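The values are calculated or read from the model by the stated rules, or taken from the named source; none is laboratory data. All of these numbers come straight from a predicted model, not from anything done at the bench. Reconstructed Cβ throughout: ideal geometry from the backbone, glycine too, with neighbour counts over all protein chains shown.
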Amino acid sequence: MPNLFIHGSCLSRDTRPFLGDDWTLIEYVARQGFISAAAGPTDLDGESKLTSSFQNRCLRNDILGTLLPTLKERASEIDLVVMDLVDERLGVYRTSDGGYITHSWELEGSGLLDGREGDITHIAFGADEHFELWCAAADKITAAICRRGLLAVVLAPAWAARADNGGGGFDYRNIPADVWNAKYERYFDRLETLGLKVIRVPSASVTASISHQWGLAPYHYVDRVYNTMQQQIKDYYAANCT
């Protein structure tokens, strides 16, 4: 029964059930982009307005930068690390103490940014500054994975420009799917350069699902896309597990 460690979004989490019951999820580090994860803890005090315990936990862990300590703690249990970059999409905030916090829906809804306009700086996903910071973080995270001898894959399906009801042309925050795909390309290329297995599904092969449990979005897919990814995960694991 392979043990999965997921660092990513609902993309990776929603792929897990397609692997079958013999694949066990032992850890899910969500809403924690590479930059904040690699930077470690930063300072952002205040009381969150979020009512979801899961959302508050994700936000707290992002502020604390828990990915690398958690990887170290659970390394002996992990058979495969599965990652995706969906939560990078809104960029990152640099705090006044030089730390970083992922720009997420949870952060927006928490109220922790209220009145801090002069204390934080937003760095947009896809900008050269973001990519440079992200590359340094990717180097650190990949080194931590390799140092512990862990297998890792990165899920990188294109964002869908059409849905299974025949609708097309929808976007995310007024940016079309093909523009998002272009922004992501050099990030995935970098991970391949670092030696990670990147599982790509091209634009022509992805479709968004209008009945997805989390709603219609260019990264919420029909079952066929998840089945494509789970098969590649299994093939990679079978070829590389010891």
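At a glance:
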| item | result |
| --- | --- |
| Residue among 139, 128, 79, 87 that alone is closer than 26 Å to residue 200 by Cβ, touching a Pro at 6+ places or on another chain (Cβ under 8 Å) and of a type outside the set (S, T, N, Q) | 79 |
| Looking only at the range 128-138, and only at residues there that are without any contact (Cβ under 8 Å) to a residue 60 or more places away in the chain, within 16 Å of residue 189 (Cα to Cα) and loosely packed, with under 15 Cβ neighbours inside 10 Å, the one that is farthest from the chain's Cα centre (by Cα) | 128 |
| Residue within the range 47-60 that is within 28 Å of residue 182 (Cα to Cα) and not hydrophobic (A, V, I, L, M, F, W, C) present | no |
| Unmet criterion (only one of (1) part of a helix (DSSP H, G or I); (2) in contact with a strand residue (DSSP E or B) (Cβ under 8 Å, 6 or more places away or on another chain); (3) within 14 Å of residue 28 (Cα to Cα)) for residue 83 | (1) |
| For residue 216: the one exception among (1) more than 16 Å from the chain's Cα centre (by Cα); (2) at pLDDT 95 or above | (2) |
| Selection from the range 58-73 of residues that are closer than 17 Å to residue 95 by Cβ and free of Cβ contacts under 8 Å to residues at least 40 places away in the same chain | 60, 61, 63, 64, 65, 66 |
| Residue count for the range 159-191, restricted to those that are crowded, with 19+ Cβ neighbours inside 10 Å, touching a helix residue (DSSP H, G or I) at 6+ places or on another chain (Cβ under 6 Å) and free of Cβ contacts under 8 Å to residues at least 60 places away in the same chain | 1 |
| Residue list for the range 90-120, restricted to those being surrounded by 13 or more Cβ atoms within 10 Å (Cβ to Cβ) and among the charged types (D, E, K, R) | 94, 106, 116, 119 |
| Qualifying residue in the range 145-158 (condition: surrounded by 15 or more Cβ atoms within 10 Å (Cβ to Cβ) and assigned to a helix (DSSP H, G or I)) | yes |
| Pair list, Cβ < 7 Å and 6+ apart or interchain, from the range 107-119 residues that are in a loop (DSSP other than H, G, I, E, B) to residues that are loosely packed, with under 13 Cβ neighbours inside 10 Å | 111/49; 112/46 |
| Those residues of the range 192-241 which are free of Cβ contacts under 8 Å to residues at least 12 places away in the same chain and either in contact with a Ser or Thr (Cβ under 7 Å, 6 or more places away or on another chain) or not in a loop (DSSP other than H, G, I, E, B) (or both), in sequence order | 192, 193, 204, 231, 235, 238, 239 |
| Considering residues of the range 21-47 that are in contact (Cβ under 8 Å) with a residue 24 or more places away in the chain, of a type outside the set (D, E, K, R) and surrounded by fewer than 17 Cβ atoms within 10 Å (Cβ to Cβ) only, the residue farthest from residue 156 (Cα to Cα) | 46 |
| Failed criterion for residue 31 (all others in (1) on the phi > 0 side of the Ramachandran plot; (2) over 19 Å from the mean Cα position of the chain (by Cα) hold) | (2) |
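Here is a yes/no grid of residues against (1) outside any helix (DSSP H, G or I); (2) modelled with pLDDT of 95 or more; (3) under 29 Å from residue 216 (Cβ atoms); (4) in contact with a helix residue (DSSP H, G or I) (Cβ under 7 Å, 6 or more places away or on another chain):
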site	(1), (2), (3), (4)
25	yes, yes, yes, yes
37	no, yes, yes, yes
46	yes, no, no, no
69	no, yes, no, no
73	no, yes, no, no
